[in-house]
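The values are calculated or read from the model by the stated rules, or taken from the named source; none is laboratory data. Just so it is clear, the model here is predicted, and its values are computed rather than measured. Cβ sites come from the backbone with ideal geometry, for glycine too, and all protein chains shown count toward neighbours.
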Number of protein chains: 2
Amino acid sequence: MNRQIILASRPNGFPAEENFKMIERPERKPEHDEVLCQTIYLSLDPYMRGRMNDVKSYAEPVKVGGVMTAGAVSQVIESRSSLFQPGDFVECRSGWQERPTLEAKNLRKLYPDQAPISTAIGVLGMPGITAYVGMVNIADPRPGETLVVGAASGAVGATVGQIGKIFGCHVVGIAGTDEKCSYVTETCNFDECINYNDDDFQSQLATVCSKGVDIYWENVGGKTFDATFPLLNDFARMPVCGLISTYNKVGLFDNPDRLPVLFRSVLTKRLLLRGFIVFDFEDQKQEALQKLSVWVKDSKIIYKENFIDGLENAPGAFLGLFRGTNFGKLIIRVSPDPSL
Amino acid sequence: MNRQIILASRPNGFPAEENFKMIERPERKPEHDEVLCQTIYLSLDPYMRGRMNDVKSYAEPVKVGGVMTAGAVSQVIESRSSLFQPGDFVECRSGWQERPTLEAKNLRKLYPDQAPISTAIGVLGMPGITAYVGMVNIADPRPGETLVVGAASGAVGATVGQIGKIFGCHVVGIAGTDEKCSYVTETCNFDECINYNDDDFQSQLATVCSKGVDIYWENVGGKTFDATFPLLNDFARMPVCGLISTYNKVGLFDNPDRLPVLFRSVLTKRLLLRGFIVFDFEDQKQEALQKLSVWVKDSKIIYKENFIDGLENAPGAFLGLFRGTNFGKLIIRVSPDPSL
């Protein structure tokens with residue numbers, strides 16, 4: 001049987017476990033050019049919250065009753081494709097399920113001797129590539145510049161900051177616990193990391209950004225944006241990669257409209273704001289993976305994985321992303337990793 | 001004597017004639033490498049409103065008691081520089097005054113046989129160069145794309161739209177009177193122009209932008225922004241060049257905060273917003289002037305000048321910029337043009 005987690009109902013605001021439902025469907029025998037897979041690792045990421053709304057953004061929403069979307073690392077069980085043998089490991093976008101049948105042409109083959117296969121949904125997968133293409137194409141980091149990145153211990157944020165260090169930036173992280181801040185500075189080599197739950201968060205941030213901010217990597221919004229925006233220097237760049245603090249917001253914001261203030265700063269400071277999605281830079285994927293692999297091998301980029309066992313625990317783990325309880329790249333271990 | 005208009009007091013909100021004062025000072029004899037000039041044409045532009053506030057933006061504010069800032073076209077009366085002879089015409093940044101003494105090295109020599117000298121503060125000066133560098137460096141227009149530009153009959157807007165036509169765009173202007181709209185479509189060759197004072201402005205705009213908007217040239221803000229922003233396509237570009245509708249606003253905007261909505265669109269539509277000032281692209285000035293000159297000679301770019309006689313009328317004319325009563329590039333004719 002193939003266990004799946006489907007979208008049971010659309011959340012209004014903060015999602016709850018009731019919005020998800022575990023069902024069982026029979027496995028489907030692969031047809032020509034298809035493979036049957038066993039999911040090993042499932043990636044949980046903040047963007048999935050957007051897919052739960054009935055709003056078209058850059059991707060179609062998940063239908064009510066549809067399998068939740070996700071990237072995964074899987075093993076081929078049965079193949080009717082010349083591209084894969086049973087036993088091969090692959091990265092795929094199969095969603096929250098255990099035994100999917102997939103088109104072979106959409107799969108990326110993984111080699112356990114090159115890197116742990118779990119990294120294919122982390123530092124050597126979508127989050128890592130996101131960090132790379134956003135830094136290279138939008139942030140344009142130069143030696144001596146100050147880079148601020150929120151969600152700094154997260155899968156994208158930690159990689160962004162370490163790429164900033166490789167490019168010679170003064171790197172300041174923002175995170176939600178002292179433990180995360182310590183990890184970011186001690187293990188990931190950021191110059192500073194500020195806890196946004198501290199009362200004097202804003203003044204701490206201003207102190208460690210004494211020369212202003214040249215790059216603000218936006219993956220949070222809210223408080224993190226509010227504290228960083230006034231510190232932006234002339235010609236600062238702001239890759240807009242995510243807005244996790246706002247994903248569960250419903251209705252209007254009741255503070256006065258700050259749009260005119262934003263635009264005045266954009267004009268007078270000549271700021272660059274640019275939204276992007278990793279798939280916009282598909283042609284740079286191989287370059288990104290090559291660079292990231294070398295940096296990981298050379299320990300210039302450190303990554304942290306947070307494994308949670310069992311598909312049934314995916315909804316609860318996913319909700320933790322928005323409560324800040326997750327620490328590191330969040331991965332559901334659906335079945336044991338035979339490559340280890 | 002040298003008549004000057006100085007900033008008498010800082011406006012709070014909409015400026016008034018009382019914020020300006022005409023004074024007379026003796027002319028100053030030029031020293032080594034200086035020239036004494038007679039102002040012929042004075043450029044009045046919306047950005048000057050920002051200089052009246054006691055707020056540092058990209059330029060220092062005008063001091064209370066200081067001469068109002070402006071670009072001008074002048075004739076050299078007396079020269080102690082080897083670069084200029086008496087009788088030469090120059091473009092300079094001498095401000096609202098009649099007989100300034102200026103450093104020769106900051107002046108651009110003008111040749112009346114090449115183009116009317118008044119264009120050196122218009123289509124072949126700061127407004128034209130602004131349009132060119134913003135289009136080439138930020139808007140990145142491609143054939144078949146839809147470009148929307150506000151203040152479409154203004155010095156910058158009209159040039160932006162005509163450059164859009166040269167690049168093969170579907171060009172939609174926005175202006176404040178039917179007369180301006182007719183000028184923009186009939187003389188400047190825009191495909192459409194919508195009057196923002198029409199009750200059904202927003203739906204008219206949506207109709208003529210049936211394929212959405214790929215480039216929104218922001219020089220207005222307010223209503224123009226509000227109507228255009230929802231029409232932006234994925235990957236739309238938004239050069240932020242001015243915000244004339246907001247320059248006189250005081251205090252907070254009392255509608256709910258739209259910043260989170262803006263950022264959500266920036267992310268999901270992968271928008272590019274970038275503020276700029278013409279001086280950021282100083283190295284492209286010659287290229288811009290060369291291109292613009294050819295386009296003007298070939299009648300691919302038409303320009304309109306609104307001459308008002310007498311330095312004493314500068315304050316009133318300037319205020320008209322914010323009331324929408326001006327039509328075309330606003331120029332104060334301080335003294336007769338001897339080149340005509």
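Going by the structure shown, is B:V76 among the β-branched types (V, I, T), farther than 18 Å from B:G310 by Cα, more than 14 Å from chain A (Cβ to nearest Cβ) and not in a loop (DSSP other than H, G, I, E, B)? So that I can check it myself, show each step before the final result.
Values: among the β-branched types (V, I, T): yes; farther than 18 Å from B:G310 by Cα: yes; more than 14 Å from chain A (Cβ to nearest Cβ): yes; not in a loop (DSSP other than H, G, I, E, B): yes.
The answer is yes for B:V76.
Taking into account only those residues within the stretch B:105-119 that are in contact (Cβ under 8 Å) with a residue 60 or more places away in the chain and crowded, with 22+ Cβ neighbours inside 10 Å, which is nearest to the chain's Cα centre (by Cα)? Step through it out loud before you land on a result.
Pass one, the stretch B:105-119, residues in contact (Cβ under 8 Å) with a residue 60 or more places away in the chain: B:105, B:107, B:112, B:114-119.
Then drop every residue that is not crowded, with 22+ Cβ neighbours inside 10 Å, which leaves B:107, B:117-119.
Working: B:L107: 20, B:I117: 17, B:S118: 14, B:T119: 13 Å.
If we take residues in the stretch B:105-119 being in contact (Cβ under 8 Å) with a residue 60 or more places away in the chain and crowded, with 22+ Cβ neighbours inside 10 Å, then B:T119 is nearest to the chain's Cα centre (by Cα).
I'd like to know if the stretch A:270-280 contains one or more residues that are more than 9 Å from chain B (Cβ to nearest Cβ) and surrounded by fewer than 20 Cβ atoms within 10 Å (Cβ to Cβ). Don't jump to the end; show me each part of the working.
First pass over the stretch A:270-280, keeping only residues more than 9 Å from chain B (Cβ to nearest Cβ): A:278-279.
Okay, now just the ones that are also surrounded by fewer than 20 Cβ atoms within 10 Å (Cβ to Cβ), so A:279.
Within the stretch A:270-280 (the criterion being more than 9 Å from chain B (Cβ to nearest Cβ) and surrounded by fewer than 20 Cβ atoms within 10 Å (Cβ to Cβ)), the answer is yes, since at least one residue qualifies.
For the list (1) modelled with pLDDT under 95; (2) under 30 Å from A:V261 (Cα atoms), I need the number of the one condition that B:E18 fails.
In the conditions (1) modelled with pLDDT under 95; (2) under 30 Å from A:V261 (Cα atoms), B:E18 misses (1) alone.
So that you can scan it fast, the table gives a plain yes or no per residue for (1) at pLDDT below 95; (2) out of contact with any strand residue (DSSP E or B) (no Cβ under 6 Å at 6 or more places or on another chain):
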{"position": "B:P46", "(1), (2)": "yes, yes"}
{"position": "B:N53", "(1), (2)": "yes, yes"}
{"position": "B:A59", "(1), (2)": "yes, yes"}
{"position": "B:M68", "(1), (2)": "no, no"}
{"position": "B:Q75", "(1), (2)": "no, no"}
{"position": "B:G87", "(1), (2)": "no, yes"}
{"position": "B:P100", "(1), (2)": "no, no"}
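Among the residues that make up the stretch B:42-49, is at least one of them surrounded by fewer than 17 Cβ atoms within 10 Å (Cβ to Cβ), within 12 Å of another protein chain (Cβ to nearest Cβ), out of contact with any helix residue (DSSP H, G or I) (no Cβ under 6 Å at 6 or more places or on another chain) and within 25 Å of B:T119 (Cβ to Cβ)?
First, pick out the residues of the stretch B:42-49 that are surrounded by fewer than 17 Cβ atoms within 10 Å (Cβ to Cβ): none.
No, every residue in the stretch B:42-49 fails to be surrounded by fewer than 17 Cβ atoms within 10 Å (Cβ to Cβ), within 12 Å of another protein chain (Cβ to nearest Cβ), out of contact with any helix residue (DSSP H, G or I) (no Cβ under 6 Å at 6 or more places or on another chain) and within 25 Å of B:T119 (Cβ to Cβ).
Would you pick out the residues in the stretch A:32-45 that are part of a loop (DSSP other than H, G, I, E, B) and more than 24 Å from A:K63 (Cα to Cα)?
Correct list: A:H32, A:D33.
Give just the number: which of (1) closer than 28 Å to B:Y247 by Cβ; (2) of a type in the set (S, T, N, Q); (3) free of Cβ contacts under 8 Å to residues at least 60 places away in the same chain does B:Q290 not satisfy?
With (1) closer than 28 Å to B:Y247 by Cβ; (2) of a type in the set (S, T, N, Q); (3) free of Cβ contacts under 8 Å to residues at least 60 places away in the same chain applied to B:Q290, the lone miss is (1).
From the list B:G212, B:G150, B:G161, B:G125, which one is of a type in the set (G, A, S) and at positive phi?
Numbers: B:G150 fails: at positive phi; B:G161 fails: at positive phi; B:G125 fails: at positive phi.
None of the other options fit; the residue is B:G212.
A:V35 versus (1) in contact with an Asp or Glu (Cβ under 8 Å, 6 or more places away or on another chain); (2) under 30 Å from A:W295 (Cα atoms); (3) buried (at least 20 other Cβ atoms within 10 Å of the Cβ): which is the lone unmet condition?
A:V35 satisfies every listed condition except (2).
Go through the stretch A:6-31 and count every residue that is part of a strand (DSSP E or B) and free of Cβ contacts under 8 Å to residues at least 40 places away in the same chain.
Applying the first criterion (part of a strand (DSSP E or B)) to the stretch A:6-31 yields A:6-7, A:20-25.
After this cut, where a residue has to be free of Cβ contacts under 8 Å to residues at least 40 places away in the same chain as well, the list is A:21, A:23-25.
Of the residues in that region, 4 qualify.
Which of the residues belonging to the stretch B:303-323 are out of contact with any strand residue (DSSP E or B) (no Cβ under 6 Å at 6 or more places or on another chain), buried (at least 16 other Cβ atoms within 10 Å of the Cβ) and not in a helix (DSSP H, G or I)?
Listed by number, the residues that qualify are B:Y303, B:K304.
If a residue must be within 7 Å of another protein chain (Cβ to nearest Cβ), closer than 17 Å to B:M238 by Cβ and in a helix (DSSP H, G or I), how many such residues does the stretch A:215-269 contain?
Qualifying residue count for the region: 8.
If you check B:E179 against the conditions, is it free of Cβ contacts under 8 Å to residues at least 40 places away in the same chain and under 20 Å from B:K304 (Cβ atoms)?
Numbers: free of Cβ contacts under 8 Å to residues at least 40 places away in the same chain: no; under 20 Å from B:K304 (Cβ atoms): yes.
It is false that B:E179 is free of Cβ contacts under 8 Å to residues at least 40 places away in the same chain and under 20 Å from B:K304 (Cβ atoms).
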